[in-house]
Amino acid sequence: MLYQWLYSLADSSSVFNVFRYITFRTFLSFLTAFLFCWWYGPHFITRLVRRQVGQTIRDDGPQTHKKKAGTPTMGGGLILISMLVPFVLWIDVKEPLVWALMAITFCFGLVGYYDDYLKVSKKNTKGLPGKLRLALEFFSSGAVVAILIYFDLLPSTLNIPFFKNVHVDLGWGYVAFASLVIVGCANAVNLTDGLDGLAIAPVIIAGATYLLFAYITGHARIAEYLQIPHVKGAGELAPVAAAFVAAGLALL
């Protein structure tokens, strides 16, 4: 929103042309999210502590993890809030892929919030039943991907790595494939540090990787040089991923 206004000023002053570059806005998004999370984080965590929103540690884990018992959980809520600020300021909200990413992120965030709520209220590590959690994640991601394909906003072609001439059009089967990838990646990050549920380090690593993927696939020249598919508008996802990484670093 602010980005559109500043970019419109480029007609009167060339200095505002800098806002058309994804690299510059990715840096601004990172800096904004980091500073906001760094500023608001202590207040957010203090409120969680006051309300006794602490993580329950599994009994079958190593003794070294027991010291993390009571660590404030629901920190993902702070990450989501920190993503909203640069989303409003520096990201092109006219890009459908951005809304798709935010929709899936916040749907997964709601599932995670309810899961944490059950863990805190019942003082155990079970939370939301695994099958129900997966069903909600598959439904939300599948619905978003289906909408993108229906309106021809996302190609349904599967490109095989290292085989640049192999392109498999999955049609509507791409919805199932993409949902499996989205849910699989999300839960892989969660399970990486699943003993205590405080997986901020894997979140940062995964977010940085997705940032790189988004930037490369959204950049026509780099994508062509690396012989990978170029997806129009994918570069706009880089600032979103940067905000995600920045919030994680501020919490670390």
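The values are calculated or read from the model by the stated rules, or taken from the named source; none is laboratory data. Everything quoted here is computed from the prediction, not taken from an experiment. Please note: Cβ atoms are built from the backbone with ideal geometry, for glycine as well, and neighbour counts cover all protein chains shown. Side chains are part of the model used for accessible areas, which takes the heavy atoms of the whole protein and leaves out ligands, DNA and RNA. Shrake-Rupley method; radii C 1.70, N 1.55, O 1.52, S 1.80 Å.
See the values below:
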{"item": "In region 219-231, the residues that are assigned to a helix (DSSP H, G or I) and either at pLDDT 90 or above or open to solvent by 40 Å² or more (accessible area, probe 1.4 Å) (or both)", "result": "220, 221, 222, 224, 225"}
{"item": "Number of the exception - residue 132 against (1) over 26 Å from residue 27 (Cα atoms); (2) touching a residue at least 12 places away in the same chain (Cβ under 8 Å)", "result": "(2)"}
{"item": "Residue in region 102-116 that is open to solvent by 50 Å² or more (accessible area, probe 1.4 Å), acidic (Asp, Glu) and under 24 Å from residue 241 (Cα atoms) present", "result": "no"}
{"item": "Checking residue 45 against (1) among the aliphatic types (A, V, I, L, M); (2) modelled with pLDDT of 75 or more; (3) open to solvent by less than 50 Å² (accessible area, probe 1.4 Å), the condition it does not meet", "result": "(3)"}
{"item": "Unique match (being open to solvent by 20 Å² or more (accessible area, probe 1.4 Å), touching a residue at least 40 places away in the same chain (Cβ under 8 Å) and either polar (S, T, N, Q) or in contact with a Leu (Cβ under 8 Å, 6 or more places away or on another chain) (or both)) among 249, 237", "result": "237"}
{"item": "Some residue of region 189-202 being in contact (Cβ under 8 Å) with a residue 40 or more places away in the chain and part of a helix (DSSP H, G or I)", "result": "yes"}
{"item": "Selection from region 173-188 of residues that are open to solvent by 30 Å² or more (accessible area, probe 1.4 Å) and within 13 Å of the chain's Cα centre (by Cα)", "result": "182, 185, 186"}
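Residue-wise test of (1) surrounded by fewer than 11 Cβ atoms within 10 Å (Cβ to Cβ); (2) small (Gly, Ala, Ser); (3) over 20 Å from residue 100 (Cα atoms).
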{"position": "122", "(1), (2), (3)": "no, no, yes"}
{"position": "126", "(1), (2), (3)": "no, no, yes"}
{"position": "135", "(1), (2), (3)": "no, yes, no"}
{"position": "150", "(1), (2), (3)": "no, no, no"}
{"position": "154", "(1), (2), (3)": "no, no, no"}
{"position": "162", "(1), (2), (3)": "yes, no, yes"}
{"position": "165", "(1), (2), (3)": "yes, no, yes"}
{"position": "171", "(1), (2), (3)": "yes, yes, no"}
